[in-house]
Amino acid sequence: MSTQLLHKASIGIIGGSGLYSMPGFAAQEEVTIETHFGAPSDAYIVGELEGKTVAFLARHGRGHRISPSELNFRANIYGMKLLGVERILSLSAVGSLKEEHRPTDFVIPDQFFDRTRGRVSTFFSGGVVAHISFADPICPQLAAEVARVSGSLGVNAKKGGVYLCMEGPAFSTRAESNVYRSWGMDVIGMTNLQEAKLAREAEICYVTIAMVTDYDCWHEGHDAVTVDEIVRVLHQNAGNACKVVRETVAAMPAERTCKCGSALRHAILTDRASIPSEARERLRPILGKYLGG
Ligand SMILES: [Zn+2]
């Protein structure tokens, strides 16, 4: 089980496996990684996109085998870290909790609200404690880039908003959906909060591109949606996702101007001399620079 950084990709993309066939992506390698936290959802598909090295990961595994509650979020993000990824673009389908967020719109949230239960969402346990700041969970630089690119492509993408992360896999009751609306939540999904938290712990920039597929069950039109309509929305979202990812990768500035890359600088509470050697080894890709190698 390696903890050596591989320097294979600078940008990570988490989403559906449909992204692998994105125009302009030249897949070069399938990289299977086994981590101290277990296996990621699938092999990483590494290659070049717009002259940059990128690593794709099918969040639920190819064939969509893994439910949100079963995802090994730590392994997925740790694998990205090992590959050398500094920025993650995360795509996911969401339900809309506001009339203004229509199916086929994209929302680029700036906040999360956690309604999951008991998911493991930290790298720091087993002898080392760190408390990262998570007040602003999304990388501001990446969010600005995605919003700008989306606008230039004519994709209706709204910047800002709250992504409510629910446990699933069943959708909300109507009572729950209405409560979330009364709280001012914007979209509802099942996966992105843990990814964002672990990415911050790993000092990786993270942005969510939430693709609205439908209104959640609160909406009076919810039950009237036809299969044809659902297929049309999914198709349009997939096409826009490919365009936005490709152009965002192309436009990505080389330098990070955000604070994500130093999130751990003042976060590690454990006395360095007290950190067990096993924990040092397990977290070396993440903590190495603070522990002297
Ligand atoms: Zn950042």
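The values are calculated or read from the model by the stated rules, or taken from the named source; none is laboratory data. Because the structure is a prediction, the values reported are computed rather than measured. Using ideal geometry, Cβ is built from the backbone for each residue, glycine included, and neighbour counts are taken over all protein chains shown. These area figures cover heavy atoms from the full protein model, side chains too; ligands, DNA and RNA do not enter into them. Shrake-Rupley method; radii C 1.70, N 1.55, O 1.52, S 1.80 Å.
For GLY38, state whether it is among the small types (Gly, Ala, Ser) and either surrounded by 13 or more Cβ atoms within 10 Å (Cβ to Cβ) or more than 25 Å from ARG284 (Cβ to Cβ) (or both).
Values: among the small types (Gly, Ala, Ser): yes; either surrounded by 13 or more Cβ atoms within 10 Å (Cβ to Cβ) or more than 25 Å from ARG284 (Cβ to Cβ) (or both): no.
So GLY38 does not fit the description; no.
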Go through segment 1-46 and give me each residue that's in a strand (DSSP E or B) and more than 13 Å from ARG246 (Cα to Cα). ILE14, GLY15, ALA27, GLN28, GLU29, GLU30, VAL31, THR35, GLY38, TYR44, ILE45, VAL46
Consider GLY47 carefully, then state whether it is in contact with a Phe, Trp or Tyr (Cβ under 8 Å, 6 or more places away or on another chain) and of a type in the set (Gly, Ala, Ser). yes
Tell me, which residue of segment 152-211 that is open to solvent by 20 Å² or more (accessible area, probe 1.4 Å) and aromatic (Phe, Trp, Tyr) is nearest to the chain's Cα centre (by Cα)? PHE171
Scanning for something in contact with a helix residue (DSSP H, G or I) (Cβ under 7 Å, 6 or more places away or on another chain), farther than 26 Å from LEU269 by Cβ, at pLDDT 95 or above and among the acidic types (Asp, Glu), does segment 112-132 turn up at least one residue? no
Condition check for ALA202: of a type in the set (Gly, Ala, Ser) and either without any contact (Cβ under 8 Å) to a residue 24 or more places away in the chain or closer than 27 Å to GLU34 by Cα (or both): yes
State whether the residues of segment 248-262 include one that is open to solvent by less than 40 Å² (accessible area, probe 1.4 Å) and away from the ligand (no atom under 16 Å from the Cβ). no
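Residue by residue, here is whether (1) within 16 Å of the ligand (Cβ to nearest atom); (2) assigned to a helix (DSSP H, G or I); (3) of a type in the set (Phe, Trp, Tyr); (4) at negative phi holds:
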residue: ILE132; (1), (2), (3), (4): yes, no, no, yes
residue: ASP136; (1), (2), (3), (4): yes, no, no, yes
residue: GLY151; (1), (2), (3), (4): no, yes, no, yes
residue: TYR163; (1), (2), (3), (4): no, no, yes, yes
residue: PRO169; (1), (2), (3), (4): no, no, no, yes
residue: ALA175; (1), (2), (3), (4): no, yes, no, yes
residue: ARG181; (1), (2), (3), (4): no, yes, no, yes
residue: ILE188; (1), (2), (3), (4): no, no, no, yes
residue: LYS197; (1), (2), (3), (4): yes, yes, no, yes
Can you name every residue in segment 100-130 that is within 16 Å of the ligand (Cβ to nearest atom) and not in a loop (DSSP other than H, G, I, E, B)? ILE108, GLN111, PHE112
Taking segment 56-90 as the search range and keeping residues that are open to solvent by 10 Å² or more (accessible area, probe 1.4 Å) and small (Gly, Ala, Ser), which one is farthest from the ligand (Cβ to nearest atom)? GLY63
Selection from segment 9-63 of residues that are under 17 Å from ALA251 (Cβ atoms), touching a Lys or Arg at 6+ places or on another chain (Cβ under 7 Å) and β-branched (Val, Ile, Thr): ILE11, THR53
Just to be sure before I move on: is THR53 loosely packed, with under 15 Cβ neighbours inside 10 Å and at pLDDT 95 or above in the structure I sent? no
Mind listing whichever residues of segment 199-244 are in a helix (DSSP H, G or I) and either hydroxyl-bearing (Ser, Thr, Tyr) or within 16 Å of the ligand (Cβ to nearest atom) (or both)? ALA199, ARG200, GLU201
Kindly list the number of the only condition in (1) open to solvent by 20 Å² or more (accessible area, probe 1.4 Å); (2) under 21 Å from the mean Cα position of the chain (by Cα); (3) of a type outside the set (A, V, I, L, M, F, W, C) that fails for PRO285. (1)
Residues that are of a type in the set (Val, Ile, Thr) and in a helix (DSSP H, G or I): does segment 271-293 have at least one? yes
Cβ-Cβ distance below 7 Å, separation of 6 or more or different chains: which pairs start in segment 115-130 with a residue that is over 23 Å from GLY168 (Cα atoms) and end on one that is in a strand (DSSP E or B) and among the small types (Gly, Ala, Ser)? PHE124/ALA130
